[in-house]
1. Please report, as a whole percent, how much of the solvent-accessible surface of the chain comes from carbon and sulfur atoms (probe radius 1.4 Å).
2. Which whole-Hz couplings ³J(HN,Hα) result when phi for each residue of the stretch 15-20 is put into the Karplus expression 6.51 cos²θ - 1.76 cosθ + 1.60, θ = phi - 60°, listed in order with x for Gly and Pro?
3. So if we plug the beta-carbon distance of Gln363 and Glu7 into 1/(1 + (r/R0)^6) with R0 = 45 Å, what FRET efficiency do we get, rounded to 0.05?
4. Explain nothing, just compute: Karplus ³J(HN,Hα) = 6.51 cos²θ - 1.76 cosθ + 1.60, θ = phi - 60°, for every residue of the stretch 463-473 in order, whole Hz, x for Gly and Pro.
5. Using 0.36 nm per residue of separation minus the Cα-Cα distance, give me the extension gain between Glu240 and Leu143 in nm, one decimal.
6. Could you tell me which of the pairs Lys154/Lys278; Lys99/Lys138; Lys207/Lys325; Lys278/Lys310 are separated by over 18 angstrom between their Cα atoms in the structure shown?
7. Give the lysines reachable from Lys477 as a straight Cα distance under 23 Å; neighbours fewer than 8 places away on the same chain don't count.
8. State whether the stretch 129-227 is rounded, prolate or oblate according to the following rule on the C-alpha gyration tensor (a ≥ b ≥ c being the square roots of its eigenvalues): a/c under 1.5 gives rounded; otherwise a/b larger than b/c gives prolate, and the remaining case gives oblate.
Amino acid sequence: MREEEIEKLRGVVRDCVSKHLYSSAIFFADKVAAFTEDPADIYMQAQALFLGRHFRRAFHLLNASKIVLRDPRFRYLAAKCLEELKEWDQCLAMLGDAKVNEHGYVLDNKDHSGMYLDKDCEDREINIAAATCFLRGKAYEALENRTQARLWYKAAIKADPLCYEALECLIESHMLTCDEESSLLSSLQFGPEDGWLSSFYACLIKKYDKENIIEARFKELERESCNSKSSDPSFIRTLETNTDLLACKAEYYHQCGEYQKCFELTSVLLEKDPFHLKSTLVHLAAAMELGHSNELYLMACNLVKDYPQKALSWFAVGCYYYCIKKYDQSRRFFSKATTLDGTFAPAWIGYGNAYAAQEEGDQAMSAYRTGARLFPGCHLPTLYIGMEYMRTHSFKLAEQFFVQAKTICPSDPLVYNELGVVAYDMKEYNKAAWWFEKTLACVPSPLSEMWEPTIVNLAHSYRKLKVHREAIAYYEKALALSTRSLSTYAGLAYTYHLQDHFTAAITYYHKALWLKPDDQFCTEMLSIALMDECQNGMDPKADLRRSEVFV
């Protein structure tokens, strides 16, 4: 057969692949390889077999060739076949014996020495070494060696920043702490045309930095878009409304406690792209916080119908039952989600929370410890372990876990809040006030109602320290966020009472009792305040029988 006829057949194979006619592609690729015995044509035949899901046959073809161990693309495709066959040890053996250090640098990688088949010189190509490192990471993760998996994923993204899948695995599986994510990102060698990609990656990592830093990241990405040399003006508009970027913003709003804002944004995103799973997860989390059980029910039904084999679908069902306080059912579905995907962190946390909601501490601890082991970069399981120790009044142990959570994520205000609570319970009021102030310093302004308990706790701490003016100021600040907090009114009334401002104290005791008429503390203290007000003119130095019973 003449060369031009063979080239036409190659074109037919490529066209069949592009049209997903894999059996046709396999048929013609087999004939081309038989005519030429050229390695590039054998590789094309193996690609067609792989895409047609004939993994064993594709591997046999590649392994039988004389250059499989010399050419990195042959070796990589053979290893991909073994990946699909779930033969992980053989997959690693096919990829070779390269080692990686703790910083994610490959020590003895020789994969770059091979030839490159089927390469279009006009296209920018991801480094084959990066793809190989990523596949090694997947194999190690499947073998439950998450330490090696983390190192190989780091090696993959360092070998080529365009290997987004490696970064996605590191982020979604919470393999790195906040500091490690930032350090990895700063070590990547982006090309001069990849400024936008660097900014985008910065938006993907954990978003617990200060508000101005996070906002600057989003603005920088938009600025990179504006500076693009693309002649198409629609590029800017498309990137600014990109679903992935807006999903990052929604995630940021959720972490800030702006649940309504987050829910509104994800609702818009899911109207635009109903099957964007990252937006779906954030939407579920926001709906949970807002108590939107009807929305959770509808989302769960649709997800189970469309993605019955995904952990996210059954996690959504668990969220619905958790929201309506049917914790036994929620546990069952959270457990099913972890069975389908053991690396799905939200399911493990939900599983533990469902046990904790019924005060089944041992089972909750077990779920949280599993989460802490599987997701070393996620501080939430460790934080929840500390909360469980708090519930059983093991304050020193709780503090240790809160400090550990702070090490993993040093900028989450919730961690500082819990450190303040445990210090307060240990009667270290100066320390408690310091932690609560640090919490509020890390929270974006204006403060949302979510942080009202922190402000009340800070006011309690100042009251305990007898700094009454500061305590009253923070109680009033808390009332500006929520007027339905018994603790705020009771604390404010008691602080006025301690200052002998009996009229103000009586007013706030009444407001507290309006919220909870049978509250014992406020009922007793109201009686004392009325007696104190009657006696005040007669004997200001009289024993007022004030024992500080309010906590």
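The values are calculated or read from the model by the stated rules, or taken from the named source; none is laboratory data. It should be emphasised that the depicted structure is a prediction, and the values quoted were computed from it without experimental measurement. Quick reminder, even Gly has a Cβ in these numbers, built from the backbone with ideal geometry, and neighbours come from all protein chains shown. For accessibility, only protein heavy atoms count, side chains too; no ligands or nucleic acids. Shrake-Rupley method; radii C 1.70, N 1.55, O 1.52, S 1.80 Å.
1. Answer for the chain: carbon and sulfur cover 52 percent of the accessible area.
2. With coefficients 6.51, -1.76 and 1.60, one gets 5, 4, 5, 5, 9, 6 Hz.
3. Numbers: r = 65 Å, r/R0 = 1.45.
The calculated FRET efficiency here is 0.10.
4. 5, 5, 7, 6, 9, 5, 4, 5, 4, 4, 4
5. Stretched fully, the Glu240-Leu143 segment lengthens by 31.0 nm.
6. Result: Lys154/Lys278; Lys207/Lys325 exceed 18 Å.
7. Lys477 reaches Lys210, Lys261, Lys431, Lys438, Lys464, Lys466, Lys511, Lys516.
8. Numbers: a/c = 2.91, a/b = 1.61, b/c = 1.81.
Oblate is the answer for the stretch 129-227, as a/c is 1.5 or above yet b/c matches or exceeds a/b.
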